[in-house]
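Participant: This is the structure I want to talk about, given as structure tokens.
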Amino acid sequence: MKILVVGGGGREHALAWKIAQSPLVDEVFAAPGNPGIAAFAQTFPVAAEDLPGQLELARRLAVDLVVVGPEAPLCAGLVDALADADIKAFGPDRRAAEIEGDKALARDLCRRHRIPGPGYRWFDDLHQALAWIDQRTPGPLVVKAAGLAAGKGVYVAKDLDEARDAVRECLERGRFGAAGRRVVLEDKLEGPEVSVISLTDGRTIVPLESARDHKPVFDGDKGPNTGGMGAVSPAPRVPARIASQIEREIVLPSVHALNQEGRTFRGFLYAGLMLTDNGPRVLEYNCRLGDPETQPLLMRLKSDLVPLLLATVDGTLESCEPPEWDPRPAVCVMLTSDGYPGNYPKGLPIEGLDAVESGPDLQVFHSGTARRPDGIVTAGGRVLATCALGADVAQARERAYAAVRRITFRGCHFRTDIGLR
Ligand code: GLY
């Protein structure tokens, strides 16, 4: 079987790495892929968002399955376009993917179906948004661009002045273009965050193991939010009782709600949750695997991923054996460029990659790298992730950080507290 992975980040590196281990698979391709994927699969310089280019490539390679990693092509309808061309494609279609592509739509869907989340309002109009903020009791407020903003469209405003500024940033200054023409204003919730990802074909739900992302750029959860500075699986503080409450009160009703609204979801449904004193609350949905949560999750997945992907597309997940997980925890540490999540340099040589001895218990996943004639260079804000399994979190951390210490590039930054509570 031939499989094409669409995307070029760490999530897609981990997906391609796992897919390549399947005995069902003869060849893995990736577009655009990255130098880490190119070490074991053929890559093609077609952007993930280039729908006609991806369609043409899938046809030319005569692949049996396309696995779409990132949200942008999912929300743009790549799976619909492939299905129309009779090419099997894994991931939600455009209407289902809107659960991530339109945060106002997602909040309204939750409200209609009584899925617990924060109090919220959404606005397209600057003056109405500011007038609503003026009537609020002073305090923190979360301001979100409703559309896709590459993980940068969320402001956690500590007071109403910051909230006003964030609203102006979207609705007046147009920082996120079309993605910020509508803003969602939400009560700020308190509690530990957890990412709950499930595989579903719209009828059967297969929960993955829990994972926790570390979003702020600095140790101790300080500084601005990023796409994720590291992740650990399983997530601490999710005992079985809470996990089943999350499934009952959030995941099942979400899948049903999507079905009822004609948005049947087939793929990885990601619920970003806050475990508040009053129970779990939905912070956001994503229509795909998280990055970097995918990296530790797939290190821990012992079962073959490919039959699960195929069954999701075919609507036969019910007949699959539940996935088997390595009980050992995995820790993933992201190495980022100087200045990220703001502006950062690119093209800096990366040293030491060869000094890391990868194996089933330790991998270095490429997120933002490029190959130049003289070696591999930085090409993004998030550059690489070292990911290790260990007998316990302490050992997984020790292994992941030992690999971090071998890799260098100018201005390399990483958090030192990934996996610590
Ligand atoms: N790690 C969060 C995300 O993938 O959106």
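The values are calculated or read from the model by the stated rules, or taken from the named source; none is laboratory data. Everything quoted here is computed from the prediction, not taken from an experiment. Because the Cβ atoms are built from the backbone with ideal geometry, glycine has one as well, and the counts that use them run over all protein chains shown.
Participant: State yes or no: is Ala131 within 16 Å of the ligand (Cβ to nearest atom), small (Gly, Ala, Ser) and either at negative phi or at pLDDT below 95 (or both)?
Facilitator: The answer is no for Ala131.
So that you can scan it fast, the table gives a plain yes or no per residue for (1) within 19 Å of Lys18 (Cβ to Cβ); (2) within 14 Å of the ligand (Cβ to nearest atom); (3) at pLDDT 95 or above:
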| position | (1), (2), (3) |
| --- | --- |
| Glu261 | no, no, yes |
| Phe265 | no, no, yes |
| Glu293 | yes, yes, yes |
| Arg300 | yes, no, yes |
| Leu305 | yes, no, yes |
| Pro329 | yes, no, yes |
| Asp338 | no, no, yes |
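Participant: Another one. Please work out which one of (1) more than 16 Å from the ligand (Cβ to nearest atom); (2) in contact (Cβ under 8 Å) with a residue 60 or more places away in the chain; (3) under 26 Å from Val232 (Cβ atoms) is the condition Asp314 fails and give its number.
Facilitator: (3)
Participant: Read through the list (1) surrounded by fewer than 14 Cβ atoms within 10 Å (Cβ to Cβ); (2) touching a residue at least 60 places away in the same chain (Cβ under 8 Å), then give the number of the only condition that Gly359 fails.
Facilitator: Result: Gly359 fails condition (2) only.
Participant: Would you check if Ser254 is under 15 Å from the mean Cα position of the chain (by Cα) and crowded, with 22+ Cβ neighbours inside 10 Å?
Facilitator: no
Participant: Name the strands (runs of 3 or more DSSP E) wholly inside region 189-229 in which the number of residues that are touching a residue at least 60 places away in the same chain (Cβ under 8 Å) and within 10 Å of the ligand (Cβ to nearest atom) is 1 or more.
Facilitator: Here the list reads 193-200, 222-225.
Participant: For the subset of region 362-387 comprising residues that are in contact (Cβ under 8 Å) with a residue 60 or more places away in the chain and touching a Cys at 6+ places or on another chain (Cβ under 8 Å), which member is nearest to Gly36 (Cα to Cα)?
Facilitator: Phe365
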